[in-house]
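Quick note: the coordinates plus some simple rules give every number you see, no bench work behind them. Because the structure is a prediction, the values reported are computed rather than measured. In this analysis, Cβ positions are derived from the backbone assuming ideal geometry, glycine residues included, and neighbour counts consider all displayed protein chains.
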Amino acid sequence: MTFYEMIEDMSLALNREKLVIFVGAGVSKNSGLPTWGQMVQAFAEEIGYPTKGRLATEEYIRIPQYYYCLDESEGHSSYYSLIKSMLPEDIGPNLLDELIVSLRPKHIVTTNFDTLLDQAAGEYQVIRDDRDLMTGISAHYLLKLHGDIRQPKKLVFKEDDYLHYSHTHRLMETFLKSLLIDHVFLFVGYSLNDYNLKTFVSWIEYIAEEMHVKEEMHRNYFLSSSLHAGKDYLRKYYEGKGLEVIDLYRLPKEVEERAGKVRLSEELGRRAYAVLELLGNDSGRYPDNI
C-alpha cells in the first residue's frame with residue numbers, strides 16, 4: 001500500500017468510528033518523560049545489571065523483576081518510589097497527546113502510566129482496571145492497560161505483572177481482543193521490537209488464523225522509526241502479521257515539510273504529528289494554506 005492509501009484507510013475507519021489508537025511511551029517523551037527503555041535502564045543501573053546500552057526484548061520486564069526481588073524495603077516501597085520518581089504528575093500533555101484526543105478515535109489505548117492523556121481526555125472515560133470497565137458508560141474510553149502512576153501497586157511493569165495479566169485484567173484483555181474483530185488499530189510511540197507491540201500483534205494474528213480470515217482481515221497500522229537503518233526485514237515480518245508499517249523517515253515531501261513546522265522538541269514527535277494530522281483532513285491531504 002502507498003502512504004496515502006494507508007492514510008485513506010485509516011481516515012475511513014476514523015469516520016466510521018472504527019479506529020483505535022494505541023499510545024506508547026514515545027508520545028510521552030515529547031513532554032520530557034522517559035521512554036520505557038530509559039526507565040528500565042535506570043532499574044538496571046540501580047542493581048548493577050550490565051546492559052551495554054541496549055536491552056533485549058525480554059529484559060524490559062525481567063530487569064524490573066530482578067530489582068523487585070532484591071528490594072527488601074517494607075512493601076517494596078523502593079521499587080514503587082523509583083517508578084514514581086521518573087514520572088512526575090505535574091507535567092502537562094503535549095501537542096501530540098492533544099491531537100490524538102482531538103481526532104476522536106473510537107477508543108484510545110495506552111500502556112503508559114503517566115497522566116498526560118488523562119489531562120487531555122475530554123469526553124473519554126478513563127478506564128484503569130476491570131472495575132472501571134464494568135461501570136463504564138461512555139461511548140469512548142481511554143484504556144490504561146498497564147495502570148496509573150497514582151495507583152503504583154497496580155502497575156504492570158515487572159515480569160510477574162505481565163505473566164499474571166490475563167488473570168488480573170481479565171475484562172480489559174477480553175474487551176481489547178473483541179475490538180480486534182472489526183476495528184482498525186493504529187500504534188504510535190512504540191518500537192518495532194516493543195514487547196507490548198509483539199503481544200498485541202500476536203493477538204491479531206491468532207484471531208485471524210483461528211477464524212480463517214487472515215487474507216481477508218482488515219489491516220492495522222504502525223508509525224515506525226526503526227526502518228531507516230536498513231531494517232526492512234522488520235517491515236516484512238509485521239506485514240505478514242497484518243500490520244502495515246509507515247516509516248516516519250520516509251514520508252512524502254509535503255509531509256516532511258509540515259513536520260518541520262510542528263512545535264514539538266522531539267523529531268519523531270513532529271513526524272508522527274504530521275502524519276496523524278492528515279487523518280483529520282477530509283481530503284487526507286494538507287490544505288494549501290496550512
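What percent does the relative contact order of the chain come to when contacts are Cα pairs within less than 8 Å and at least six residues apart?
22 percent
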Original post:
Which of Lys198/Lys261; Lys106/Lys144; Lys144/Lys253 have a Cα-Cα distance over 24 Å?
Top reply: Lys198/Lys261; Lys144/Lys253
**OP:** Provide the net charge surrounding Ala25, with neighbours chosen by a C-beta distance below 11 Å and charges set as Lys +1, Arg +1, Asp -1, Glu -1.
**Re:** -1
Subject >> Identified option (computed Cα extents along the principal axes in Å; candidates [x] 59, 40, 39; [y] 60, 47, 44; [z] 77, 50, 38) >> reply: [x]
Subject >> Pairwise label distance in nanometres, Thr2 with Ser166, each label 7 Å out on the Cα-Cβ vector >> reply: 4.3 nm
Original post:
Quick one: which of 138-150, 40-52 comes out on top by average Cβ neighbours within 10 Å, and what's the full order, highest first?
Top reply: 138-150, 40-52
**OP:** Choose one answer from Glu277, Glu209, Glu267: the residue with the largest mean-square fluctuation in a GNM of the chain with alpha-carbon springs under 10 Å.
**Re:** Glu209
Original post:
With +1 on each Lys and Arg Cβ and -1 on each Asp and Glu Cβ, how big is the dipole of the chain about its Cα centre, in debye rounded to the nearest 20?
Top reply: 240 debye
